[in-house]
Amino acid sequence: MTSNMRWKVILVLLVLVLAAWRSSYTFRFLSMNETEKEQMAAEQLEDLKANSLSLGLDLQGGMHIVLEVDKEGLPADEAVDAMERAVEVITNRIDQFGVAEPSIQIEGENRIIVQLPGLKDEQRAKRLIGRTALLEFIAVAPPAETDIVLRSIDRALIDTLTASGELSLESETGLPLTEAEQLAKEHPFSIRARYLQQLPFFLERDVEWAQEQLERIDLDNVLPANPTDLSVPRYRIAWGQEARQFGTEERYRAFYVLEREAMLTGSAIVSADVRPGLDQENPNAPGVSMRLSRAGGRTFAKHTGSHIGEYLAVVLDGSVYKAPVIKSRIPAGTPTSITGGFTDEEAKDLAIVLRAGKLPAPMTVIEERTVGPSLGRDSITLGLRAMVIGFILVVIFMLVYYKASGGIAVAALVANLLIVIGIMATLPVNPRPALTLPGLAGLILTIGMAVDANVLIFERIREELRNQKTVRAAIRDGYERAFMTIMDANVTTLIAAAVLLRFGSGPVKGFGVTLSLGILASMFTAIVATRVVFDLITVKWNIKKLSI
Amino acid sequence: MEFLVGTKFNFLGHRRAAFILSAALILIGVVSIVVQGGLKLGIDFAGGVLLQVRFENPVSAEDIRSTLDAIGVEEAEIQHFGGNREAIIRMSAEWAEEHDAAGEVLTALDERMPDNPAEFMREELVGPKVGQELRGKAAMAILYALIGILIYISIRFEFKFAVGAVAALVHDVAITLGFFSLSGRGLTLPVIAALLTIVGYSLNDTIVIYDRIREDRRKLYGKSFVDIVNISLNESLSRTVVTSVTTLLVVLCLFIFGGEVIKDFAFALTIGIIVGTYSSIYVASPLVVEWQIAAEARKHRK
């Protein structure tokens, strides 16, 4: 044996041992069932997992969402780190929600990619991630002011409606107007309001109508101006979150005139917990109890002290959840709460969102791909089945067509798969390319294409043998002549695979990964490894007739 | 075991017939695409929402449709997916933007058919902006792949070979897309990946033959170019067929056993590999021959 050959043998053995060792973790991990995993020591399992191939979301089930952050309304100084803060807030929320190994990454200028593997309740997670959850404590305008606002809306609406010809203050029938008709004509908006404890309410079925009317008038100019800054109105309009039933009558929704400036916002909250019994009228209703920061507590105490007898609204994302009357000054340090028609889960999620902090800017989900756990399992089963059947067919074909040499090619194929899996399990963890369903398809395709290099070589060797060359010369020339062809042919597939790696995302990228690794590995196994085997055999036994 | 060794097929003699066959296949595809008002785009490119649900018992598309109508989802497209227990619901992104699509649809289905519970399998939502971006990305990917390949072949072979190879690629992609349109399948991201793989695979085949032509031109100096190409095609025939067989074996396994999710992808690969094998024999090399004949004719005229 020449020293050159000895080195080659050592190299091939080394690669094979490495590949077998690196891929053994994956095989062990994938072949374990849930109870076996539970019985294993946590540290050991962690180690096994870290050294295994990671499965893509399409195979293990899970959720991939892309969020777009709307930074437009942000002041320049806040926009700078808005993305980082958004990621932090989302990370906090997900941590509290409890997902194993979430991945949250910024992509480009204004996008965040969130990947949550093995998720059970994807809809809830989605709500939780994207929710703005703007909590505000806002003073409700005194009843007299509320009346003024309603009158102004009436007047503005009269102008709009008479201008469009929909309303005439005169009688249409010629008969003198009754008092009720007169009233209705002069108060086209507030005529539908009912008062309870000095607050206006609208019938639930009238709310949509009322909102349409408010959209028809220029509300910002109708509302009284802020005395300190005349360019903005002093108030804003908000609706009660929950409809209320008075006696046996129909359901009503409260109509609030709120101060434009919030007295306090959710940023002053330091802790939030779900607790029952926060609502005296409905003690079983879950609610969220909150503690305010020191400064927030002081503001709260000061406001409640000077506004006794007035309403204070607790507003979440623009809807009023409750608006109790301030009975006395609430000293700093007293917990405050929000209740109102939450389910247990909603209350829990709200507490999470309030604790984790507010998103710096609104976000929208622009892409989402969620795979349920059973589809993921199906895909693995079916993919592996296709792979095994394909593999067996190729093995049979190679053995029948190339006999013992075909056996060597099959061994090279097995080595090829071990190398690909070993490399994929060894690549740096973040972001380690995961095995996706198209990736599995790439691996299957590799089985078919990887033997190509050996087919090229074997066909050459057969040709050389037909030309009456000796076995050793035929092998030597066959490998040499086929080499350039193999290179040329594989480079083009690699170009296509590289493009997939560059432009693809998620699953498609996974295909590019297995395809390119498969081709690279096949160049080694088919050209170097099988050659070593052939050389060893022919040197050792001085074969006169090759089984090919 | 050996077959297709020492063959003397006159591939080039049939090249005109092959050109007509190729043209016809491409034409059928183009007609199908035009008649259907363009290629059908999957939600990756068109945007929208795709929902896959599995029922415990068989379910009719009408039951699903009436449920969707009741909750205000208009113009949903409903298809059975690998059997009549599973369905794919495709709807516009507009409705899903304001609703929790998967949750509301599943609840509505369960309320309507309480004895046939539905299980969530998959949801894909692609906003219109992302759909547009992905279209651009896919186009760029194909463009870059073609440019990269053209450059590589131009370096390794004469220009006329590069032209023949790229023409064969365009031929393969066009026919595969035509079959896609005929079978009513939609274009998705994995299908684009399959197309790129076909490009790589078909080229692989072509290059093996080109390599042989280059070698034989040196070896068989004095023979006519047409004869040389015919000899090269015959010499590499067994390899071409064997590799196609092994690749087709696995791709067919993927198509038959790989499950519904990967079916379109495997379909594209299957068609592409058959057409790619055909084109490396009947399109890529004959085009080089035509080019050579035309060039020689020009030389004689001078």
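Laboratory data are not the source of any read-out in this text; all were calculated from the coordinates shown. The structure displayed is predicted, hence computed values, not measured ones. In this analysis, Cβ positions are derived from the backbone assuming ideal geometry, glycine residues included, and neighbour counts consider all displayed protein chains.
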- prompt: Kirkwood Rh over Cα pairs of the range A:420-488 into Stokes-Einstein at 37 °C, 0.692 mPa s: D in µm²/s?
  reply: 228 µm²/s
message: Just want to confirm a number: the relative contact order over the range A:78-153, from Cα pairs under 8 angstrom separated by 6+ residues, in percent.
response: 23 percent
- request: Report, to the nearest 10°, how far helix A:82-97 tilts away from the longest principal axis of the Cα atoms in chain A, using its own Cα long axis and a range of 0 to 90°.
  value: 90 degrees
query: Nearest 20 debye, what's the magnitude of the dipole of chain B about its Cα centre given +1 on Lys and Arg Cβ and -1 on Asp and Glu Cβ?
result: 2920 debye
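Output the relative contact order of chain B, whole-number percent, from Cα pairs under 8 angstrom with separation of 6+ residues.
After rounding, I find 26 percent.
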message: Springs between alpha-carbon pairs under 10 angstrom, Gaussian network model over chain B: which of B:I207, B:I151, B:I271 fluctuates most?
response: B:I151
- request: Subtract the Cα-Cα distance of A:R194 and A:L384 from 0.36 nm times their separation in residues, and report this length gain in nm to one decimal.
  value: 61.7 nm
- prompt: Considering every pair of different Cα atoms, what Kirkwood radius, in Å, is found for chain B?
  reply: 22.0 Å
task: Could you point to the residue in A:Q182, A:A156, A:G305 farthest towards the positive end of the range A:135-358's charge dipole, with +1 and -1 charges on the Cβ of Lys/Arg and Asp/Glu respectively?
output: A:G305
query: Which value at 222 nm does chain A reach when only helices count, each DSSP H run of 4 or more adding -39,500 (n - 2.57), with the total divided by all residues and rounded to the nearest 500 deg cm²/dmol?
result: -17500 deg cm²/dmol
- prompt: Under 17 Å from the Cα of A:K302, which aspartates and glutamates turn up, not counting those fewer than eight places away in the same chain?
  reply: A:E136, A:E259, A:E261, A:E310
task: Mind checking A:432-438 for the average number of partner chain beta-carbons within 10 Å of each residue's beta-carbon?
output: 2
message: From Cα pairs below 8 angstrom and at least 6 apart in sequence, can you work out the relative contact order of the range A:385-450, rounded to a whole percent?
response: 40 percent
query: So for the pair A:R151, A:W7, with labels modelled 7 Å out along Cα→Cβ, what separation do we get in nm?
result: 10.1 nm
Neighbourhood net charge (12 Å Cβ-Cβ; Lys/Arg +1, Asp/Glu -1) for A:V15: +2
- prompt: Hey, how many Å between the Cα centroid of the range A:173-221 and the Cα centroid of the range A:402-428?
  reply: 79 Å
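How shielded is B:141-153 by partner chains, expressed as the average number of their Cβ atoms within 10 Å of its Cβ atoms?
Per-residue shielding by partner chains comes out at 4.
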query: Who wins for biggest fluctuation among B:L143, B:L182, B:L269 in a Gaussian network model of chain B, springs between alpha carbons below 10 Å?
result: B:L143
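Run through the DSSP bridge list for chain B and note the antiparallel percent, rounded to the nearest 5. Present the calculation step by step, with values, prior to reporting the outcome.
Details: 18 of 19 bridges.
For chain B, the DSSP antiparallel bridge percentage is about 95.
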task: Treat each spin label as a single point 7 Å out from the Cα along the C-beta direction, and report the A:S24 to B:T107 distance in nm.
output: 5.2 nm
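I'm a student and want to see the number: the projected area of the Cα convex hull of the range A:234-342, averaged over all directions, in nm².
Mean shadow area of the hull around the Cα atoms is 7.3 nm².
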query: Rounded to a whole number, what is D in µm²/s for the range A:458-541 from Stokes-Einstein with the Kirkwood radius over alpha-carbon pairs (20 °C, 1.002 mPa s)?
result: 148 µm²/s
- request: Calculate the length of the line joining the C-alpha centroid of the range A:284-319 to that of the range B:131-193, in whole Å.
  value: 63 Å
- prompt: Of the chymotrypsin sites (Phe, Trp or Tyr not before Pro) in the range B:166-271, which ones lie in a loop per DSSP and count no more than 12 other C-beta atoms within 10 Å?
  reply: B:Y221
- request: Compute the FRET efficiency between A:Q105 and A:L14 as 1/(1 + (r/R0)^6), taking r as their Cβ-Cβ distance and R0 = 25 Å, and round to the nearest 0.05.
  value: 0.10
- request: Kindly state, to the nearest 0.05, the FRET efficiency for A:D344 paired with A:T91, given R0 = 30 Å and r defined as their beta-carbon distance.
  value: 0.75
- line: Across A:448-457, the residue-averaged tally of Cβ atoms belonging to other chains within 10 Å stands at 6
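Say the cut-off is 20 Å between C-alpha atoms; which of A:K71/A:K120; A:K509/B:K40; A:K120/B:K263; B:K223/B:K299 go over it?
In this structure, A:K71/A:K120; A:K509/B:K40; A:K120/B:K263 lie more than 20 Å apart at Cα.
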- prompt: Given a cut-off of 18 Å, what percent of all Cα-Cα pairs of the range B:48-126 lie beyond it?
  reply: 28 percent
task: On each of the three principal axes of the Cα atoms of the protein assembly as shown, give max minus min coordinate, whole Å, ordered largest first.
output: 117, 70, 56
statement: At q = 0.11 Å⁻¹, the log10 of I(q)/I(0) for the range A:135-358 from a Debye sum over equal Cα scatterers comes to -0.63
- request: Choose one of A:P276, A:V410, A:L501: the residue whose Cα lies farthest towards the positive end of the charge dipole of chain A (beta-carbon charges +1 Lys, Arg; -1 Asp, Glu; about the Cα centre).
  value: A:V410
- request: Sequence neighbours fewer than 8 away in the same chain don't count; with that in mind, list the lysines whose C-alpha is under 16 Å from A:K185.
  value: none
- prompt: How far is the Cα center of the range A:101-151 from the Cα center of the range B:20-97, in Å?
  reply: 33 Å
message: What three numbers, in Å, describe the spread of the alpha carbons of the range A:385-507 along their principal axes, ordered from the longest?
response: 54, 30, 21
- prompt: Under 16 Å Cα-Cα from A:K37, which lysines qualify once same-chain neighbours fewer than 8 residues away are excluded?
  reply: A:K49
task: Would you please name the trypsin sites (Lys or Arg not before Pro) within the range A:294-382 that are DSSP coil residues with at most 16 other C-beta atoms within 10 Å of their C-beta?
output: A:K327, A:R329
task: Could you run the Karplus curve 6.51 cos²θ - 1.76 cosθ + 1.60 with θ = phi - 60° over the range A:415-425 and give me ³J(HN,Hα) per residue in whole Hz, x for Gly and Pro?
output: 4, 4, 5, 4, 5, 4, 5, x, 5, 5, 7
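Given all pairs of different Cα atoms, what value in angstroms does the Kirkwood hydrodynamic radius of the range A:356-434 take?
Final number for the Kirkwood radius of the range A:356-434 is 16.8 Å.
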- line: Rounded to two decimals, the Debye log10 I(q)/I(0) of the range A:26-106 (Cα scatterers, no solvent) at q = 0.20 Å⁻¹ is -1.02
task: Give the calculated FRET efficiency between A:R275 and A:E36 to the nearest 0.05, with a Förster radius of 51 Å applied to their Cβ-Cβ distance.
output: 0.80
field: Ordering of A:257-270, A:227-240, A:161-174 by packing [mean C-beta count within 10 Å, highest first]
entry: A:257-270, A:227-240, A:161-174
message: Output the 0 to 90 degree angle, nearest 10, between the alpha-carbon long axis of helix A:294-306 and the longest principal axis computed from the alpha carbons of chain A.
response: 20 degrees
